[in-house]
Amino acid sequence: MANFPATNEDKQRIDDYRTNEDIFLGLHSTAFAKFSALMAKEQKSLIYIVCNFGALISKVSADLLFGEQIKFKWPKEVKDTKWFDELIENNKLHTRNYESALSNSYHGDSVIKVRQAENKKIIIEYITPEIVFVNLDSDNINETKSIEIAWIKQQGDTKYVRKEIHYKGKIVNELWLLNGDILSEKVDLGIFYDNMPEEQNTGVDDFLVKIIPNWKTSNRFWGISDYNDLHSLFDEANNRITRLADILNRHSNPKLAVPRGVIDKKGQVRTQNFDLFEVVATTGGVAKPEYITWDASLEAAFKEIDKIVEFVFLFSETSPSVFGMDKGGTAESGRALKFRLLRTLAKISRKKNYYDEALKWAMVVAQKLAKKTPVIPKIEWQDGIPQDTFEQAQIEEIRLRSGNTSRESSIRRLDSGSNDDIKEEMEKIGSETKEVTSSIGNKPPMLDMSKLMGGGKEPKEPMMKKE
């Protein structure tokens, strides 16, 4: 008998995943339950206003990381890239990468898995880290003994845990009866599956699953969320704006104060129906009707909100320029914008390191599953910033003239497309260049301008008479 999840650390990790996902989805009343309970106690009619900075931070990261498609470059010995192009296209890898980057930002981890379907097609997919558990070497935190994918299945009122335990070279399949949070008994896989083997040989000398951390330190295995140190700022931003909205609502319909004697006291008028009060004339003044208002000194509250937003940008390593909120104005060029985004681009570069390693691994494992001799691709990453095409064309022209790049590489950087697209473009350029060269070789006769001007002699009569 064993617990599910097995350790308190795994339980806490899963709770953190769910809290951060609630923040991303804007379910802050659930994520920040402490303030929600206080709000319910103080005033149930108070409307909780959500400022979803978390979703913005995650979307910016995903946009800069995978908003522009990455390009796989294969070694020269790969003459035909059709198999690889189809692998990427069939698995919708570019879209899946973007989706993974979103969840990686708030979860702190993504998990990529490679498998072979019944029709022998290779599947590359991402799965939620909530159902992934690792068995690490106690002597080396970076050494993995096995990776377990475990999820709950239900039949009627009975719950089961389906386990897919990955070792290097094989997968072990198990089904366990779940009572509460206890795995009480191992049962037959046939309850849910027909002819599923308990053990499968993969033929690959590696795991078929890989964890991609958002970022981490050397003394831990699991990654760290982009929201890790921002919860209190998110909560305070929501709290402050909610309070401000309540104050403004309370004083949007002020009560009217009138002098004594204006209201009938004989019961013919019910004063409470009119939100009216009687007041005594102030010393030296004349009593007059007036609205009761309150100077709430809201300027300080708005300044606090501005400071909170500034701190969110600072601690999330997100430049205000990404949202067009930079106080310095609009960047004049792509290069100027990059300088303003240095901290944000450094954050994205950190994420690229983990994804670059994982995607290369996935391509190698996919080739091994397909019984191919594996080759390791290079991945060309974009920076995610809208390309200044004029500036980029100038750079490529300078590089071509200086001879430190080829025309093919220049086209690859300027235009997106597969290797076949680039080859086709190169052939068109070569064909057009030949046509231009041919037309220059057959020069038309030059026009003799001297004959039009009198053979180089002075005209017999002036073309214009002097006055």
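What the phi angles of region 113-121 give under the Karplus curve with 6.51, -1.76 and 1.60, with θ = phi - 60°, is a coupling list of 9, 10, 8, 10, 6, 4, 8, 6, 6 Hz, glycine and proline written as x. From least to most packed, judged by other beta carbons within 10 angstrom and beginning with the fewest, MET196, MET363 follow the order MET196, MET363. Going from the residue with the fewest nearby Cβ atoms within 10 Å to the one with the most, TYR126, TYR227 rank TYR126, TYR227.
Of VAL161, VAL365, the sequence from fewest to most neighbouring Cβ atoms within 10 angstrom is VAL161, VAL365.
Can you compute the label reach from ASN140? Point 7 Å from Cα along the Cβ direction, backbone N cut-off under 15 Å, restricted to region 201-240. In region 201-240, the label zone of ASN140 (backbone N under 15 Å from the point 7 Å along Cα→Cβ) covers 207. Annotation note: GluC sites (Glu not before Pro) in region 320-403 located in DSSP loop regions with a Cβ neighbour count of at most 10 within 10 Å are GLU332.
Residue-wise HN-Hα couplings along region 189-195, as the Karplus relation 6.51 cos²θ - 1.76 cosθ + 1.60 with θ = phi - 60° gives them from phi, are 4, x, 4, 10, 10, 9, 6 Hz; Gly and Pro carry x.
Multiplying the residue separation of ASP235 and ILE305 by 0.36 nm and subtracting their alpha-carbon distance yields 24.0 nm. Taking the charge dipole of region 190-247 about its Cα centre, with +1 at Lys and Arg Cβ atoms and -1 at Asp and Glu Cβ atoms, the residue from MET196, THR217, HIS231 reaching farthest to the positive side is HIS231. Taken about its Cα centre, region 368-412 carries a charge dipole of roughly 580 debye when the Cβ of each Lys and Arg holds +1 and the Cβ of each Asp and Glu holds -1.
Summary of packing: across the peptides 53-61, 342-350, the per-residue average of other C-beta atoms within 10 Å ranks them, highest first, as 53-61, 342-350.
Using the Karplus relation 6.51 cos²θ - 1.76 cosθ + 1.60 with θ = phi - 60°, the per-residue 3J(HN,Hα) values for region 46-56 come to 5, 8, 7, 9, 9, 9, 8, 5, x, 4, 4 Hz, with x marking Gly and Pro. Scanning residues 5 or more positions from LEU175 or on other chains, those with amide H under 5 Å from its amide H are LYS163, VAL187, with H placed 1.01 Å from N in the peptide plane.
Since every read-out is calculated from the coordinates, none of them should be taken as a lab result. Model, not experiment: these values are computed from the prediction. Heads up, the Cβs are rebuilt from the backbone with ideal geometry, glycines too, and the neighbour counts pull from every protein chain shown.
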